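Novice: This is the structure I want to talk about, given as C-alpha cells.
The values are calculated or read from the model by the stated rules, or taken from the named source; none is laboratory data. Just so it is clear, the model here is predicted, and its values are computed rather than measured. Here the Cβ positions follow ideal geometry from the backbone for every residue, glycine too, while neighbour counts run over all protein chains shown.
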Ligand SMILES: [Zn+2]
C-alpha cells in the first residue's frame, strides 16, 4: 500500500488504510510520519537455542562460513565445548544467561518480534523475561535408552505437578529421543495445548540411521553410552516414523526438513504439520538444502529460523531470508518474506496476534528505510529479502 497509514492504540492495530481516509476518520490521533519507509510486521524467528549463544567453535572457518567436520563430530564438539565452559567458569550459568540476553536484544534491535526458543536448561525459560521480543520457551528432553526414558517420564510428571512451572517440553530429534518419550512429550504438550518442535531430517546420516540402524549416528550413540539396544530401527523416513508414533499434527513443528522424500512431504501436508527452515545453519554444517519448492507446492508455508550460534555464523533473520533467496532463486521474494513473518506465526500458533499488519493484531510493527528506487511492490520484497543486515530499521512507537 502506497502512502498508507496504520492506526495504533492500546498496543493493538485499530485500522489500516490510505493516509487520506485514515486522517479523516482518526484526525484526533497523534501522527508519526515515516517518510521514505516501509511499514512491516515484526519478524518471527521460528527456531533458536538462545542458551547456546556463548558457544563459538574453535574450528569455525569464518571466511567460508562453514564447519569442516562431519555432523556427528559437530555434535561431539558442541557437547565438549558446553562442558568446557562449565569447567572453566565458576559462574557459567549466569554467563550463559547474559550471552543469551545479549543475543535476544540484538535480535530485537533487528526487528524480531517473536522467537521460538528451545533449551535444555530450566533456567533458560527466564531469558525472555521483560524483553520487547516475545520468547516462547520449550524445554528439550532427549535420550534413546530405557533408563533415559524413565528419567524423561519422571521429569514430565514433575513439571506437570509443579503449578509454578508454566513450561512445556519438546523432544530433540528422532535419532536421540526414544519413541516412548517422544509420544509422552507430545501427549503432555497436547494436554497443555502447547506446540512441540522437533529437529527432523537435518542430515543424511539421520535418515541412514533410521532406515538401516547403521552409520555415524549408531557409532556416536554407542560411543556416548547412549545405546542400550532397546531402540527398534524403524526402517522408515523420519517423518514417516514420527507419523507412525502419532506425533505429527498441526501443533508439531518439524525443524530443518532437509532430507525428505515424497512420502515425508505428503504426510506433512496431509497432517498440516509445520516446517521450519534454517538455511544459515544448514549451510554452516554443510548438510544440504531443504526441498522448499516442494513444500510450497504442497501448500506448506514454512517458518524461518536462525538456529543457534553453535551452528550459524550470526543470528539475523534478514540474513536468513537472503541465504534462502541465494539457495532457491526460483522462490519468489514475497514467499520468502511470508516465511519470516506469517509462516513463523502460524507455526507457533500465534497468527491471530502477530505475523502480519491487520486490525486487531498487536502493534509490534517496524519501519524499514528504502534502499534504492522502488517501482513496484515486487521491488520492496526484493529489497527486504536481499539486503541482509544492511537494512536501516526501527520499531514503531
Ligand atoms: Zn536447533
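Novice: Hey, can you tell me all the residues within the range 186-209 that are touching a strand residue (DSSP E or B) at 6+ places or on another chain (Cβ under 7 Å) and away from the ligand (no atom under 16 Å from the Cβ)?
Specialist: 186, 188, 189, 192, 194
Novice: Before we move on, is residue 282 closer than 20 Å to residue 389 by Cα and either away from the ligand (no atom under 15 Å from the Cβ) or not in a loop (DSSP other than H, G, I, E, B) (or both)?
Specialist: Spelling it out, residue 282 is indeed closer than 20 Å to residue 389 by Cα and either away from the ligand (no atom under 15 Å from the Cβ) or not in a loop (DSSP other than H, G, I, E, B) (or both).
Novice: If you go through the range 14-53, how many residues are part of a loop (DSSP other than H, G, I, E, B) and within 16 Å of the ligand (Cβ to nearest atom)?
Specialist: Adding up the residues that qualify gives 2.
Novice: Can you confirm whether residue 102 is exposed (fewer than 14 other Cβ atoms within 10 Å of the Cβ), at pLDDT 90 or above and part of a helix (DSSP H, G or I)?
Specialist: Judged against the criteria, residue 102 is a match.
Every residue, every condition in (1) buried (at least 19 other Cβ atoms within 10 Å of the Cβ); (2) within 16 Å of the ligand (Cβ to nearest atom); (3) in a strand (DSSP E or B), yes or no:
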| residue | (1), (2), (3) |
| --- | --- |
| 211 | no, no, no |
| 220 | yes, no, no |
| 226 | no, no, no |
| 248 | yes, no, no |
| 259 | yes, yes, no |
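Novice: Still on this structure: Could you check, for the range 67-85, whether at least one of its residues is under 20 Å from the mean Cα position of the chain (by Cα), within 30 Å of residue 365 (Cα to Cα) and part of a helix (DSSP H, G or I)?
Specialist: Checked the range 67-85: no residue is under 20 Å from the mean Cα position of the chain (by Cα), within 30 Å of residue 365 (Cα to Cα) and part of a helix (DSSP H, G or I).
Novice: For the structure I just gave you, tell me whether residue 238 is within 16 Å of the ligand (Cβ to nearest atom), in contact with a helix residue (DSSP H, G or I) (Cβ under 7 Å, 6 or more places away or on another chain) and closer than 19 Å to residue 177 by Cα.
Specialist: Yes.
Novice: For the range 285-296, how many residues meet the condition of being within 15 Å of the ligand (Cβ to nearest atom) and either farther than 23 Å from residue 74 by Cα or assigned to a helix (DSSP H, G or I) (or both)?
Specialist: 1
Novice: Next up: Can you find, within the range 266-279, the residue that is nearest to the ligand (Cβ to nearest atom) among those that are in contact with a strand residue (DSSP E or B) (Cβ under 9 Å, 6 or more places away or on another chain) and outside any loop (DSSP other than H, G, I, E, B)?
Specialist: 276
Novice: Mind listing just one residue for me: the one in the range 297-322 that is at negative phi, more than 15 Å from the ligand (Cβ to nearest atom) and without any contact (Cβ under 8 Å) to a residue 40 or more places away in the chain and, of those, nearest to the chain's Cα centre (by Cα)?
Specialist: Restricting to residues being at negative phi, more than 15 Å from the ligand (Cβ to nearest atom) and without any contact (Cβ under 8 Å) to a residue 40 or more places away in the chain, the top hit is 300.
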